[in-house]
Amino acid sequence: MFKVLDKINNPNDIKKLSINELKLLSGDVSSYIHDIVTDKGGHYSSPLGAVDLTIALHYVYNTPIDKLIWDVGHQAYAHKILTDRKKEFKSIRQYDGISGFLKIDESKYDSFGAGHASTSISAGLGFAHSRDKDNKNHQVVSVIGDGAMTGGLAYEGLNNLGFHKTQLTVVLNDNSYSISESVGALSKYLTRIVTNPTYNKLRKDIWNLTDKIPTISSPIKKIIKKTEGSLKAYLTPGILFEELGLRYIGPIDGHDIENMIKVFESIKKMNTPVLLHVHTNKSKGINIGDKDAIKYYSLSGKNSTIVKDKITYSKLLGKGLSMIGEDFSFECVTAAMGIGTGLEEYYKKYKDRYIDVGIAEEHALTYAAGLSADGKMPVIAIYSTFMQRAYDCVLHDFALQNLPGLICMDRAGLVGNDGPTHHGVFDINFLSSIPGLILTAPKNGSEFLNLIYTAIKNRLLLSIRYPKDYTEINDNHNFEELQIGSWDYIQKNDSKICILTFGRMIDHSVQASKKLTRDFNIEITIINCRFIKPIDENMLKKLVNNHDTFITIEEGMLRGGFGSSILEYFSKNNISNTLKMIGIDDNFSKHGSNSELFKDEGLDVDSIVNVIKESANVK
Ligand SMILES: Cc1ncc(C[n+]2csc(CCOP(=O)(O)OP(=O)(O)O)c2C)c(N)n1
């Protein structure tokens with residue numbers, strides 16, 4: 001039961017509230033987010049920090065006619081609750097429930113879908129231009145975080161916006177944090193603006209002065225204007241946004257709803273592009289210190305299982321690199337995902353061989369290629385889904401120039417509740433077309449460490465895809481080089497059926513095989529195709545002679561995937577054995593638990609059993 005929230009069914013209801021009630025609403029919405037996220041899991045500190053801002057925005061703007069475009073969308077929980085998903089919010093991130101990000105087809109209030117960072121300014125400008133072409137006069141507001149503002153796409157949008165002078169309001173939701181601490185020159189610049197009382201006071205005084213003396217003679221006015229300009233330039237070096245052609249307003253307190261409402265009302269009357277700098281606090285509403293905003297970035301919910309005696313692939317990456325770093329020199333690069341990709345252990349040990357470049361995947365890869373061209377061995381730790389941003393950087397800046405680099409792609413395969421924007425299911429398809437790039441996927445932690453070791457020791461251009469999952473710990477791992485392109489038997493049988501698979505699907509295949517043997521007396525061969533490219537042609541040749549039917553299983557898209565490369569091999573070599581391909585078939589997988597999603601995509605054990613039964617002609 002919420003005193004004020006219970007009365008809100010759409011944004012119009014917010015407009016009827018007094019300032020005092022708006023403050024109470026903020027408390028209600030924060031409690032609701034807290035209750036659901038601590039129970040079900042999801043983003044935590046970012047949405048809580050944006051509650052007051054969301055209330056002020058929906059109070060002033062007339063959504064969905066006015067367009068509100070959220071960057072990433074992970075902070076828009078209050079937006080969902082206050083628009084049309086108050087009840088549905090309980091189902092957030094659950095199978096068949098509402099998404100943890102924004103989706104055009106989920107609500108008319110989600111003007112633009114999101115999940116990946118730094119899109120809101122470009123999309124906002126598109127909306128604004130479209131509005132102008134249609135001679136309409138609604139407002140367009142893009143809300144972007146200080147972290148997302150570090151992405152190149154955001155600057156491309158700003159550059160274009162400042163040039164066209166289109167009316168678009170960019171709200172910079174600056175809480176000084178991203179997933180980790182925000183990094184980079186922009187972050188320092190914003191902190192300086194927010195924390196520099198001298199500049200803020202001086203600017204206020206000067207504005208007050210010019211406002212208060214309307215009869216002031218024009219030469220004096222000019223001097224004052226000039227003085228303000230040079231003071232601003234002196235005290236806020238660069239005046240970045242104004243120089244780019246946007247009217248900069250702020251910083252203002254992102255928890256003072258009353259003042260935010262006043263500021264938005266006055267921005268609505270402006271006809272230039274505006275950047276409103278709002279300072280928010282991610283620990284607002286939670287009883288934690290500001291720095292804990294990172295720790296409380298997301299929660300896993302009450303039902304999350306703690307896996308004992310195992311380690312995540314992410315943590316193992318940090319551990320492995322720490323160990324290999326003792327004997328080999330390499331540089332580790334991440335795009336704001338140092339924590340997510342498990343690099344903490346590594347960067348504590350090798351601070352001088354680690355760089356977080358901000359949410360800037362393209363830059364991360366091309367920067368790494370620069371390191372590589374000058375003789376360093378770069379290791380890039382990145383999520384598979386965010387690698388999508390940097391396709392050409394791998395192609396043009398690494399592969400075409402024949403440069404070495406190790407690309408560690410975390411969260412490859414289905415990632416559960418984060419859903420379609422975050423599933424890492426496209427990497428094989430888009431990377432396998434790049435000549436010279438080796439694609440791999442380990443079957444377990446030891447093989448993972450050996451792949452890392454092989455790439456670094458031999459200075460290869462190699463990518464490793466691995467899931468958001470656990471694997472075994474082996475503190476005394478003996479590093480071994482793997483032969484490039486070599487596959488391995490998981491189980492060998494005198495059977496007619498052979499599964500070619502890799503990564504997590506090996507386990508599903510083994511389980512399927514056990515069921516098939518137990519219930520139907522069907523034996524199968526299973527191959528660990530840890531080198532997705534190049535394939536092990538020698539082994540495949542032998543397998544073709546011994547098996548009638550091949551089944552490829554991959555946790556990725558079918559089209560242009562691993563199965564397709566086997567099909568190509570069969571076609572090139574006039575092989576007419578039967579080939580069945582299991583993978584994701586031309587659709588965006590939903591959000592939900594991985595077991596639900598595996599079932600949807602035919603990647604669960606029972607679906608694999610059924611395909612093999614069919615192949616063996618067993619009813
Ligand atoms: C292209 C891309 N890279 C990385 C991420 C992962 N990611 C999600 S939110 C986030 C931090 C965003 O920080 P900020 O914009 O400051 O928002 P805040 O969480 O602080 O509100 C990151 C790095 C992403 N969503 N998209």
TODO: Select from the range 520-545 the residues that are more than 30 Å from L437 (Cα to Cα) and in contact (Cβ under 8 Å) with a residue 12 or more places away in the chain and list them in ascending order.
DONE: F520, I522, E523, I524
Open item on the list: Checking the conditions here, which among S314, S329 is in a helix (DSSP H, G or I) and among the small types (G, A, S)?
Closed with: S314
- [ ] Only residues that are surrounded by 19 or more Cβ atoms within 10 Å (Cβ to Cβ) and assigned to a helix (DSSP H, G or I): list them for the range 139-163, please.
- [x] A148, M149, T150, L153, A154, G157, L158, L161
Open item on the list: With the requirement that a residue be under 14 Å from M539 (Cα atoms) and acidic (D, E), what does the range 482-499 give you?
Closed with: D488
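Quick one: would you say I286 is within 16 Å of the ligand (Cβ to nearest atom), touching a residue at least 60 places away in the same chain (Cβ under 8 Å), part of a loop (DSSP other than H, G, I, E, B) and not assigned by TED's automatic domain parsing to the domain that holds Y453? Break it down stepwise before answering.
Values: within 16 Å of the ligand (Cβ to nearest atom): yes; touching a residue at least 60 places away in the same chain (Cβ under 8 Å): yes; part of a loop (DSSP other than H, G, I, E, B): yes; not assigned by TED's automatic domain parsing to the domain that holds Y453: yes.
Yes.
Which of the following residues is among the aromatic types (F, W, Y) and over 24 Å from E537 (Cα atoms): F479, F502?
After ruling out the rest, the residue left standing is F479.
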- [ ] Please give the number of the condition L48 fails out of (1) in contact with a strand residue (DSSP E or B) (Cβ under 9 Å, 6 or more places away or on another chain); (2) more than 21 Å from K15 (Cβ to Cβ); (3) within 16 Å of the ligand (Cβ to nearest atom).
- [x] (1)
Task: Residues of the range 415-433 satisfying the condition of being buried (at least 21 other Cβ atoms within 10 Å of the Cβ), touching a strand residue (DSSP E or B) at 6+ places or on another chain (Cβ under 6 Å) and in a loop (DSSP other than H, G, I, E, B) - done: V425
Open item on the list: Looking only at the range 176-192, how many residues end up being on the phi > 0 side of the Ramachandran plot and in a strand (DSSP E or B)?
Closed with: 0
Open item on the list: Among the residues in the range 456-477, are any buried (at least 16 other Cβ atoms within 10 Å of the Cβ), at pLDDT below 95 and farther than 30 Å from D374 by Cα?
Closed with: yes
TODO: Tell me, please, whether a residue that is free of Cβ contacts under 8 Å to residues at least 60 places away in the same chain, small (G, A, S) and closer than 22 Å to D507 by Cβ can be found in the range 579-588.
DONE: yes
- [ ] Can you run down the residue pairs with Cβ atoms below 6 Å, 6 or more apart or on separate chains, where the first is in the range 120-147 and in contact (Cβ under 8 Å) with a residue 12 or more places away in the chain and farther than 30 Å from V357 by Cβ and the partner is within 16 Å of the ligand (Cβ to nearest atom) and assigned to a strand (DSSP E or B)?
- [x] none
- [ ] Could you check how many residues of the range 96-131 are in contact with an Asp or Glu (Cβ under 9 Å, 6 or more places away or on another chain), basic (K, R) and closer than 16 Å to D66 by Cβ?
- [x] 1
Task: Index of the failed condition, G73 passing every other in (1) at positive phi; (2) away from the ligand (no atom under 16 Å from the Cβ) - done: (2)
TODO: Could you list, in sequence order, all residues of the range 553-578 that are touching a Lys or Arg at 6+ places or on another chain (Cβ under 9 Å) and among the aromatic types (F, W, Y)?
DONE: F562
Open item on the list: Here are the criteria: (1) in contact (Cβ under 8 Å) with a residue 60 or more places away in the chain; (2) in contact with a helix residue (DSSP H, G or I) (Cβ under 6 Å, 6 or more places away or on another chain); (3) of a type outside the set (K, R); (4) surrounded by fewer than 23 Cβ atoms within 10 Å (Cβ to Cβ). Tell me which single one G436 does not satisfy.
Closed with: (1)
Open item on the list: Scan the range 410-428 and tell me whether some residue there is away from the ligand (no atom under 16 Å from the Cβ), of a type in the set (D, E), under 17 Å from L317 (Cα atoms) and touching a residue at least 12 places away in the same chain (Cβ under 8 Å).
Closed with: no
Open item on the list: Given the condition among the acidic types (D, E), outside the structural domain of K103 (by TED's automatic domain parsing) and surrounded by fewer than 17 Cβ atoms within 10 Å (Cβ to Cβ), answer yes or no: does some residue in the range 495-514 qualify?
Closed with: yes
Open item on the list: If I ask for residues that are aromatic (F, W, Y) and within 13 Å of the ligand (Cβ to nearest atom), which ones from the range 365-384 would you list?
Closed with: Y383
TODO: Any residue in the range 148-163 that's within 14 Å of the ligand (Cβ to nearest atom): show its pairings with residues that are charged (D, E, K, R) and in a helix (DSSP H, G or I) at Cβ separation under 7 Å, as long as the two are six or more apart or on different chains.
DONE: G152/E362
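For the range 164-175, what are the residues that are over 18 Å from H138 (Cα atoms) and either in a helix (DSSP H, G or I) or within 8 Å of the ligand (Cβ to nearest atom) (or both)?
Residues of the range 164-175 over 18 Å from H138 (Cα atoms): 172-175.
Residues satisfying the conditions are N173, D174, N175.
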- [ ] Being closer than 18 Å to L317 by Cα, surrounded by 22 or more Cβ atoms within 10 Å (Cβ to Cβ) and not small (G, A, S) is the filter; apply it to the range 334-364 and report the residue that is nearest to the ligand (Cβ to nearest atom).
- [x] M337
TODO: Evaluate the following for S314: is it hydroxyl-bearing (S, T, Y) and closer than 30 Å to M377 by Cα?
DONE: yes
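List the helices (runs of 4 or more DSSP H) that sit entirely inside the range 1-109 and contain at least 3 residues that are over 25 Å from T169 (Cβ atoms).
Values: elements: 11-15, 19-40, 45-49, 51-60, 77-83.
Where helices (runs of 4 or more DSSP H) fall fully within the range 1-109 and carry at least 3 residues being over 25 Å from T169 (Cβ atoms), they are 19-40.
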- [ ] Among the residues of the range 110-138, count how many are part of a loop (DSSP other than H, G, I, E, B), among the small types (G, A, S) and within 16 Å of the ligand (Cβ to nearest atom).
- [x] 5
- [ ] May I ask you to list pairs of residues, at least six apart or on different chains, whose Cβ atoms are under 8 Å apart, with the first in the range 323-340 being at positive phi and the second being within 16 Å of the ligand (Cβ to nearest atom) and among the hydroxyl-bearing types (S, T, Y)?
- [x] A336/T150; A336/S178; A336/S180
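The values are calculated or read from the model by the stated rules, or taken from the named source; none is laboratory data. On a predicted model such as this, the values are computed, not experimentally measured, just so you know. Because the Cβ atoms are built from the backbone with ideal geometry, glycine has one as well, and the counts that use them run over all protein chains shown.
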